[in-house]
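First comes the structure, then the notes that go with it.
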């Protein structure tokens, strides 16, 4: 498979991606927007680096893995299906309606591998789909199986800022919707960075040992 070098990562040239609709400047504006939680700008976290326009410049685009499954449903003679997603880093479940906007192309930025296996993700998909169906009113359809599955990568903007003096922290933003993401994704990104660094150090140590 043809590969593309991106910093310390080697990734396939073409991956299935959810496109990033927010570029660095628009993401920076969301992170730096005055709001009630930062006293309308008074307590905004200080970016590690600023652009000439005063906006945060300490941002990085990364790609996080997500599994999607097409679940086959039946209710009597009626057949249907629905797509669901399972985050490949922490197992978060959701209905999925963005299949038509996925693109196959080369990513720009670091790409992180799944932590959860495909088999484990499918179990989550089945269990959570059952829970979702049980909450619906009326007759409940049966799950007949998984007709199709794919792995795609979702864009996440990572914002580095200073907290409590010189301590550096990060926040994460959905690069497709422009919405700030929660603690589970933040931890997943941190873990991915730590895991990549450990792998890089181990590889460097292995190469040094061989020489």
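Checking each residue in the stretch 133-160 for being out of contact with any helix residue (DSSP H, G or I) (no Cβ under 8 Å at 6 or more places or on another chain) and within 18 Å of residue 31 (Cα to Cα) picks out 155, 160.
Where strands (runs of 3 or more DSSP E) sit wholly within the stretch 97-193, those with at least 3 residues that are over 21 Å from residue 33 (Cα atoms) occupy 103-105, 142-163. Say whether the condition of being touching a residue at least 12 places away in the same chain (Cβ under 8 Å), closer than 16 Å to residue 69 by Cβ and either out of contact with any strand residue (DSSP E or B) (no Cβ under 7 Å at 6 or more places or on another chain) or surrounded by 11 or more Cβ atoms within 10 Å (Cβ to Cβ) (or both) is met by at least one residue in the stretch 160-179. No, the stretch 160-179 contains no residue that is touching a residue at least 12 places away in the same chain (Cβ under 8 Å), closer than 16 Å to residue 69 by Cβ and either out of contact with any strand residue (DSSP E or B) (no Cβ under 7 Å at 6 or more places or on another chain) or surrounded by 11 or more Cβ atoms within 10 Å (Cβ to Cβ) (or both).
All of (1) in a strand (DSSP E or B); (2) without any contact (Cβ under 8 Å) to a residue 40 or more places away in the chain hold for residue 80 with one exception: (2). Please verify whether residue 71 is out of contact with any helix residue (DSSP H, G or I) (no Cβ under 6 Å at 6 or more places or on another chain) and modelled with pLDDT of 80 or more, treating the condition exactly as stated. No, not satisfied.
Please find, within the stretch 51-68, the residue that is modelled with the highest pLDDT out of those that are within 25 Å of residue 194 (Cα to Cα) and surrounded by fewer than 19 Cβ atoms within 10 Å (Cβ to Cβ). By that ranking, first place goes to 60.
The values are calculated or read from the model by the stated rules, or taken from the named source; none is laboratory data. Quantities reported herein were computed from a predicted structural model and do not represent experimental measurements. With ideal geometry, Cβ positions are generated from the backbone for all residues, glycine too; neighbour counts draw on all protein chains shown.
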